[in-house]
Structures are given as C-alpha cells and as structure tokens.
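Novice: Please see the structure below; I have some questions.
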Amino acid sequence: MYKAYKFRLYPNKEQIELINKTFGSSRYVYNHYLNKMKNNGYVSAYTNIRDYTSTLKYDAVFLQEIDSIVIRESLFNLDNAYKKLFNKTGGYPKFKSKYNKNSYNTTAVYNNYKDKEYCNIELDLTNRQIKLPKLKWIKIRGYRNIDNINGKIKSVTISREANGKYYVSVLYEMYDKVPEINHRTIVGIDLGIKKLLTLSDGTTYDNNKYIDKYVKRIKRKQRELSRKEKGSKNYYKCKKELAVLHSKLANARKYYIHKITKDITDEYDIITCEKLKTKEMIIKGKDNKLSSKINDATFSEIIRQILYKAKYKGKEFYQINTYYPSSQICSRCDNQDKRYKDLTRREYKCTKCNLELDRDLNASINIMFEGLKLYMENYARI
C-alpha cells in the first residue's frame, strides 16, 4: 500500500535557484528527446538515457549540476507518455512549457553501511525538515498531528505553484497492513449539482458556498487584469494576485472534498456510486452555467478520493453501470417511469405504489441496491 504526504517547502535563496535550475533542466531534456523522437521515431527510455550520458550531458554543461536521477525520471515520464499513446489511453506527447506548473520527481536510493540503512531522502518530522538530493535540509510545514510515518520512502515530487509557493510530495510504501473489516454498513451515493452528494440514509452534502465567493473575486480580478498594460509592473502584480485567488479556490475545493470523503469512508463499510462520464455531460450541456457547475462539482475527484481512502481503510467500493436509470426506477416496487428523465422533476412519485420522496434520495437507494448485488456477486465467486 502506497500513501503520499504533501508538505510546503521553505527553501533559502540558494536552494530556490537550484530548484528552478532543476525544473528547467528536466523540461529541457524532456523537450529535447521528444523533438528527436518526433523527427527520427520512437526509441526506448534506456536508449535515450545512454545517449544523454554519452552526448547531451557534455554538450549542455549546465545539466551536470542537476541530480542525475531527476533526468532519468524525466526520460521515463516521456517513455510513459508514448506508451499511453500506443495503448490509446492518451494523446500525442506535448512539449513542456515553463509557464505551466513546474515540477520534477526523484526516487529514493538506499545503501547499507555497517549494518545500517541510509537513504538519499530523509524526512525529520520532529524538527520539521526534509533532506533532498543536492538541496540538503529544507524547512517544511504540514501534517502537524503526524509525529511518525510507519513506511519506507519511495520517491518525492517537488513542485512550484503559480503563486510562487514550493511543495514536496513524499510517496511512502506503508508497513501497516490493510485492516480486515466485517462489512456491515452499506451506502449508495447519488452525485448531483443542486446537492453535491445525496446518501441513501438521507444525508446530503451541499456545494461548497466558498467556491462562488472565490469565483466572483476571480472574475473581478480578470477584468482588472485585462485593463492593465501588458509587461508593466501593475500587470504582473495583478497577475500574481489572480494566481493567489486561483490557489485559494483550489484549496477550498480540496479541503471540502477531503472532509466529505473522509466522513463517508469512516462511516460506511460498503460504498456504492454511479459511474459518470463528466466529459460527455459537459459536451451535451447546452447551458454554459450547467457545464461550469459540473466542472465545479469535481465528480471525478470525489470518486478518486473515495476509491483510494476506501482501499486504505479496508472498505469495499463499487461503481454501477453508467446507463443504469437510477432516477427513473421506484426504490420500493422497481417500477420504471421515463418521465423522470426530465431533471426539473425534483420529487419522485411512483404511479404504481404511490411512493413519494426526493428524486436524489430515490436514486441513491437504487444505487445502494445495485451496489449490494455487485458485492454479493463478488463474494459468490470467492
């Protein structure tokens, strides 16, 4: 089981300079070999690494200052991008730009000396600092309640956000075993726009009210930026303020989704949810406001977080068929009413058994029953 911990970095001037050099060098090597493969055809990462160590490293002298593992990982990332293209799970690899999010990753290397194991990456939670290759010790902040992590460091990713803040994400292979749980409680989740989540026990989670506040401030700041003269001091000052607002909006979303997904995975043993194709929903949505609300809801991120948290806690997670008509079927008598394709009908009234309840609650109960079927089928095979 793997788990990542993210911390904010507080590097000094020399460390900032070296981090920025590493961003640029990693990007330069990635773009150099992408351009080479576009012209001469695909070659493996190992071929590119041999070419780098024998040729490019000596042609571009500035690359010799950089951690060699970072360059190697950059070439493996390029190779993975091509593999996604060949497997039809991704598009053609694109050149990296310095104006996008800057990041690089490096792997942990372990050595034994006098029956003691040493690593090139060390995390000291007592003194709130981390040791990174070439950078030495850097102050960190985050996870104040964690005093010890029972695991082995596998890799780290260093990144710089648009607002100029630096972060490090440390990936651990955890020693803790996944707990064995007697699956007793089950819940169905209906994802929506008016109510973000509706659970089959009647619990609802509304959309984060802080998001609208930040969206309004961002729009105002964007209008202000458009009136500034490009290249002026006020232009770059306004641009930085806009980046800070975008960061605050992203953090507000992350915090709210983490809070919801933690509550759900703590409370329930079997979690069932519908499989949504958000891209199709956005394309089909004629209303721009509807499309933006679907984007703001971040359904895919909610599902991703429930999935990994459930796995870590030993819980079961199932996704039902995308085209299952959960909103049209009565949760009491299974009667299907196609009138409820219309999203404006918010109350479900069954014409057969006279059941009356909220449309989203009815859908979540149906999702729970479908998920229970998948659970029973899964354990029948075992």
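Taken together, the values in this text are just the output of simple stated rules run on the coordinates, not laboratory data. Owing to the predicted nature of the structure, the values given are computational and were not obtained by experimental measurement. Here the Cβ positions follow ideal geometry from the backbone for every residue, glycine too, while neighbour counts run over all protein chains shown.
Novice: Among K136, K237, K275, whose mean-square fluctuation peaks in a Gaussian network model of the chain (Cα, cutoff 10 Å)?
Specialist: Top of the fluctuation ranking is K237.
Novice: Follow-up. Placing +1 at every Lys and Arg Cβ and -1 at every Asp and Glu Cβ, with all other atoms neutral, what dipole size does the chain have around its Cα centre, in debye to the nearest 20?
Specialist: 1960 debye
Novice: Next question. Out of residues 5 or more away from G151 or on other chains, whose amide H comes under 5 Å of its own, with H placed 1.01 Å from N in the peptide plane?
Specialist: For G151, whose amide H was placed from the backbone, the distant partners under 5 Å are Y175.
Novice: Moving on to the next point. Based on the mean of other Cβ atoms within 10 Å per residue, sort peptides 97-103, 24-30 so the most packed one is first.
Specialist: By packing density, highest mean first, the sequence is 24-30, 97-103.
Novice: Could you work out, for the range 2-174, what percent of all Cα-Cα pairs fall into each 5 Å distance bin, beginning at 0 Å and stopping at the bin that holds the largest distance?
Specialist: Result, from short to long distances: 1, 7, 15, 18, 18, 16, 12, 7, 3, 1, 0 percent.
Novice: Can you tell me the order of 74-87, 216-229 when each peptide is scored by its average per-residue count of other Cβ atoms within 10 angstrom, highest first?
Specialist: Packing order, densest peptide first, comes out as 74-87, 216-229.
Novice: Which shape class, rounded, prolate or oblate, goes with the range 171-263 when its Cα gyration tensor gives a ≥ b ≥ c as root eigenvalues, a/c under 1.5 marks rounded, and past that a/b bigger than b/c marks prolate?
Specialist: Oblate, because a/c is 1.5 or more while a/b does not exceed b/c.
Novice: Shifting gears a bit: What residue among E14, E73, E316 shows peak mean-square fluctuation when the chain is described by a Gaussian network model with Cα springs under 10 Å?
Specialist: Greatest mean-square fluctuation among the candidates belongs to E14.
Novice: Can you give the relative contact order of the range 2-174 as a percent, counting alpha carbon pairs under 8 Å and 6+ residues apart?
Specialist: 33 percent
Novice: What's the local net charge at Y42, with K and R +1, D and E -1, over the other residues with C-beta under 12 Å away?
Specialist: Taking every Cβ under 12 Å from that of Y42, the sum is +2.
Novice: Can I ask one more? Sequence gap at least 6, Cα distance under 8 Å: using those rules, report the relative contact order of the range 1-99 to the nearest whole percent.
Specialist: Worked out over the range 1-99, it gives 36 percent.
Novice: Here are some values of P(r) over Cα pairs in 10 Å bins from 0, in percent: [x] 4, 11, 10, 10, 9, 8, 7, 7, 6, 6, 5, 5, 4, 3, 2, 1, 1, 1, 1, 0, 0, 0, 0, 0; [y] 4, 17, 23, 26, 19, 9, 3, 0; [z] 5, 24, 35, 26, 9, 2, 0. Which one was computed from this structure?
Specialist: Checking each listed value against the structure points to [y].
Novice: Holding the Cα-Cα limit at 27 Å, pick out from K313/K338; K36/K98; K262/K373; K88/K315; K309/K349; K57/K237 the pairs that are longer than that.
Specialist: K313/K338; K88/K315; K309/K349; K57/K237
Novice: Okay, moving on. So for D201, D266, fewest C-beta neighbours within 10 Å to most, what's the order?
Specialist: In increasing order of surrounding Cβ atoms, one gets D266, D201.
Novice: Continuing with this model, one more query. Report relative contact order for the chain in percent, whole number only (criteria: Cα-Cα under 8 Å, sequence separation at least 6).
Specialist: 15 percent
Novice: Continuing with this model, one more query. Using Cα atoms only, what is the angle between the long axis of helix 209-226 and the major principal axis of the chain, expressed in degrees (0 to 90) to the nearest 10?
Specialist: It is inclined by approximately 50 degrees.
Novice: Now, a different point. Using Cβ-Cβ distances only, list the Cys residues of the chain with no partner cysteine under 4.7 Å, sorted by number.
Specialist: If one checks each Cβ against the other cysteines of the chain, C119, C238, C273 turn up with nothing under 4.7 Å.
Novice: While we're looking at this one, here's another question. Looking at the range 86-181, what % of the alpha carbon pairs are farther apart than 18 Å?
Specialist: 61 percent
Novice: Per-residue HN-Hα couplings for the range 18-24, Karplus 6.51 cos²θ - 1.76 cosθ + 1.60 at θ = phi - 60°, whole Hz, x for Gly and Pro?
Specialist: With coefficients 6.51, -1.76 and 1.60, one gets 6, 4, 5, 4, 5, 4, x Hz.
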